[in-house]
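Below is one structure, written out as C-alpha cells, with a few remarks after it.
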Amino acid sequence: MITRPRRLRTTAAMRALVAETRVHPAQLVLPVFVAEGLDEPRPISSLPGVQQHSIASLVAQAQQAVDVGLKGIMLFGVPTPESKDAEGSIGWAPDGILNRGLSAVREAVGDDLVVMADTCLDEFTDHGHCGVLDERGRVDNDATLERYVELALSQAVAGAHVVGPSGMMDGQVAAIRLGLDAAGFEDTAILAYAAKYASAFYGPFREAVNSALQGDRRTYQQDPANRREGVREADLDEAEGADLVMVKPAGYYLDVLADVAARSQVPVAAYHVSGEYAMVCAAAERGWIDRDRAMAEAVTAIVRAGADIVLTYAAIELATSLGGAE
Ligand code: PBG
C-alpha cells in the first residue's frame, strides 16, 4: 500500500473541499488613480485595463468595487505638472485632486468600502521624491514628517477611513498617529507601508502617476537583498501604532511576507504592484500565458504566504470570477 495524496485531487469538488487557501473578494483592495483636469478617463498604456480617472469615472469605479464585493479602495492623486512644487503642497490642499477624489468617493460609497489614501509626496512634488529635499538634495526625513502629518490630516478631513504612509520615512507612523489624534481623528486608521522595497516592479506606476522622478529611491526604500530588515520595519511600525502593516511588492517578497505574517499582531497586507500585474498582461497579450489563471495564481500565492489583504489592479476581475458579492 502506498500513500496517495492524489486521492484528494480527483474531482473539482474534492479539490475545493481541501483547498488550504481561499481568496475572497472582501480581502481585495483596488488601487485607483484620479487625475486633475480630466473629463474622460485616460488609459495607462503600461497597465492594461487601468485608467487615470476623472472624478466622475472614479466614483463609478468605486461603485463597481462595491457591487462586486470588494471592501477597500486605495486612491492615488495625479495633479497636473503646474500644480506640483518642491514641497508637494497640492497634496494637502483641500481642493487638491486626491482630496477631491476622496471626498467624492466617500460621499458615494459611505461606509460600504474602506476608503484609503496614499499618504506620500511623490505624486505631488516637482522632483518626484517621496519627501522634501535638504540643501544638498537629500530627502530630509524629519522635515518630511511634518508634511506627512498635514497630508494625513487633510485626507482624514476629506473622508479617508485609512491613511497609507508609503514614503518609508523613519517615524512616519508615530508622527501621523499623534497628528491625527491631536486633531480628533482617533478613528482614522493607519496602513503602514512597512516593508517597502526599492523595486523595479513599480515601473508602470510611474506612468500611472506621471512621475517626475529622476534618480531612484534607494536611500529610503529598502534594499531587495534584505529579508530580516523587512521584519524590523514591520515591527517598528506596529510599535508606532500602525493598525495594519504592508509588504510591497508582494510576489517577489513572499519570504518577507511570511515572516511578517508569522509575528504580526495586526492584519498584514501585501501589494501586488504595477509591474507584477503588467507582466502578466504583457505575456498574456502575446498568448504566452493564460491571464486569468496567472492573475489568480499570483494572488493565491500571496494569500498563501500570509497576506490577510491584497492590493491588486486585478481586484475587480478576480472578485467577479470569484462570484461577486454575497
Ligand atoms: C509611492 C508609491 C509607489 C507605489 C505605490 N506608492 C511608487 C514608488 O514607491 O516608487 C507603487 C505601486 C505600484 O507599482 O503599483 N507613493
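Each residue in region 155-165 was checked for being surrounded by fewer than 24 Cβ atoms within 10 Å (Cβ to Cβ) and within 16 Å of the ligand (Cβ to nearest atom), and 1 pass. Restricting attention to region 173-215 and to residues that are in a loop (DSSP other than H, G, I, E, B) and modelled with pLDDT of 95 or more, the residue that is surrounded by the most Cβ atoms within 10 Å (Cβ to Cβ) turns out to be T188.
The residue of region 240-270 that is nearest to D223 (Cα to Cα), among those that are away from the ligand (no atom under 16 Å from the Cβ) and of a type in the set (D, E, K, R), is D255. Within region 284-311, residues that are closer than 24 Å to S264 by Cβ reach partners that are among the hydroxyl-bearing types (S, T, Y) and within 16 Å of the ligand (Cβ to nearest atom) with beta carbons closer than 7 Å, at six or more positions or on different chains, in the pairs V299/T312; L311/Y271. Does any residue of region 216-237 turn out to be in a strand (DSSP E or B), in contact (Cβ under 8 Å) with a residue 40 or more places away in the chain and either surrounded by fewer than 24 Cβ atoms within 10 Å (Cβ to Cβ) or within 16 Å of the ligand (Cβ to nearest atom) (or both)? Yes - at least one qualifying residue is present in region 216-237. Of all residues in region 1-57, those satisfying the criterion of being assigned to a helix (DSSP H, G or I) and under 30 Å from A160 (Cα atoms) are P25, A26, Q27, I55, A56, S57. Of the numbered criteria (1) more than 9 Å from the ligand (Cβ to nearest atom); (2) farther than 21 Å from R263 by Cα, the one G171 fails is (2).
The residue that is surrounded by the most Cβ atoms within 10 Å (Cβ to Cβ), among those in region 238-269 that are in contact with a His (Cβ under 8 Å, 6 or more places away or on another chain) and outside any helix (DSSP H, G or I), is A250. Of everything in region 57-88 that is open to solvent by 40 Å² or more (accessible area, probe 1.4 Å) and among the polar types (S, T, N, Q), the residue that is nearest to the ligand (Cβ to nearest atom) is Q64.
Residues in region 110-121 that are out of contact with any Pro (no Cβ under 6 Å at 6 or more places or on another chain) and open to solvent by less than 10 Å² (accessible area, probe 1.4 Å) were compared, and the one that is nearest to the ligand (Cβ to nearest atom) is C120.
Here is a list: A93, A117, A160. Which entry is assigned to a loop (DSSP other than H, G, I, E, B), touching a Leu at 6+ places or on another chain (Cβ under 6 Å) and under 27 Å from Q63 (Cβ atoms)? After applying the criteria, what remains is A160.
Of the residues making up region 271-297, those that are within 12 Å of the ligand (Cβ to nearest atom) and either open to solvent by 20 Å² or more (accessible area, probe 1.4 Å) or not in a helix (DSSP H, G or I) (or both) are Y271, H272, V273, M279. Could you tell me whether S54 is of a type in the set (S, T, N, Q) and open to solvent by less than 10 Å² (accessible area, probe 1.4 Å)? Yes; evaluated as a whole, the condition is true for this residue.
The values are calculated or read from the model by the stated rules, or taken from the named source; none is laboratory data. All values derive from a computational prediction rather than experimental measurement. Note that each Cβ is placed from the backbone with ideal geometry, even for glycine, and that neighbours are counted across all protein chains shown. Protein only, heavy atoms only, side chains kept; ligands, DNA and RNA dropped before computing areas. Shrake-Rupley method; radii C 1.70, N 1.55, O 1.52, S 1.80 Å.
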